[in-house]
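Below is one structure; the comments refer to it alone.
Since every read-out is calculated from the coordinates, none of them should be taken as a lab result. The model shown is predicted, which means the values in this text are computed figures rather than measured ones. Neighbour counts are summed over all protein chains in view; Cβ atoms, including those assigned to glycine, are modelled from backbone coordinates with ideal geometry.
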Amino acid sequence: MTTNNSAPAAAAPAASAGGSASAERLFAQIFRRLTMEWNRISNFREVSQLGLHEATQKLYERNAEIIRHSLSDPEMRKLFTDPDAFISEGHAAAAPRELTRKAAGDFTSSVDAASLVFAHSLLDSSLQDCCRLCAILAPSDWVPTIRDRKTSIGQIIDTSVKDVIDELISADLERLERESLLKKSDRMFSLCPPPAGFVAIQGFNFDRARLLALDELRHNAVHSNDQHKFLPNGEDDLLFLQRSGLYVWRLINAKHGIRLYSEDVFGSGSNR
């Protein structure tokens, strides 16, 4: 599913009665996670690249010393079928460069894998909290999902229909937390369908297929020993994941009218 955002945004409806201070704080918490906490990924990648630049020359010098030692030590020379040919054919000169290139490539791939796993974790927790927020703002929206869940007459008699619904929603949220990123995303689109002409971020299109592809790459990064290009589009893949989260977060504003308070954005509104 690719959502086109080329038209102007529709006006957001008035805030629902469920837009309590706790909901507003959760709304702000999701925003902070997708912005300020997301900056940790950028900082990690920038420092990693600066470190790699400084380390490459030292890696080359170390690898060159290993090759020199291997070809000058009598016992080590026995490992080569023809050590003199290894030198004369240029392999001794090329080996340090190739070893350094391989080490730098492995490091970059590891940084990409770690970045993808971290970004995926931030997005997954943000989508889960978006679902929680929707349950606070409009629990009735969850009725189609939970209406066939089993409960007991005794539970309804001992409490109330509202309490039973709240408990069923809570149980459904616990199940959803164990589901995939895509399941959470799909749930949000069912709870908060994009209104006509909705624009969350200028120039951004939500793309479910791309989200699925990156979700699978994240799975490979965690569970597979195979080498992959974990970020096929580099920094743009990380930006896509961040904007996907902000897109879904904005859907809540579009449907329920909930907004940010400046003190909540910077985490100082806990007593409001």
### Inter-probe distance in nm under a simple model that places probes 7 Å from Cα toward Cβ, at Phe80 and Leu173
6.7
## Note on the structure
Partner lysines whose C-alpha sits under 19 Å from that of Lys162, ignoring same-chain residues fewer than 8 away, are Lys150
### Message
List the pairs from Lys229/Lys255; Lys102/Lys229; Lys102/Lys183 whose alpha-carbon separation is above 26 Å, in the order I gave them.
### Response
Lys229/Lys255; Lys102/Lys183
### Summary
Per the range 59-106, sqrt(5λ) over the Cα gyration tensor eigenvalues, sorted largest first, in Å, gives 20, 11, 8
### Query
What spacing in nm lies between the two simple spin-label points modelled at Ala213 and Thr145, each 7 Å away from Cα in the Cβ direction?
2.8
### Query
What shape does the range 90-149 have by the C-alpha gyration tensor, where a ≥ b ≥ c are the square roots of the eigenvalues, rounded means a/c under 1.5, and otherwise prolate means a/b greater than b/c and oblate the rest?
prolate
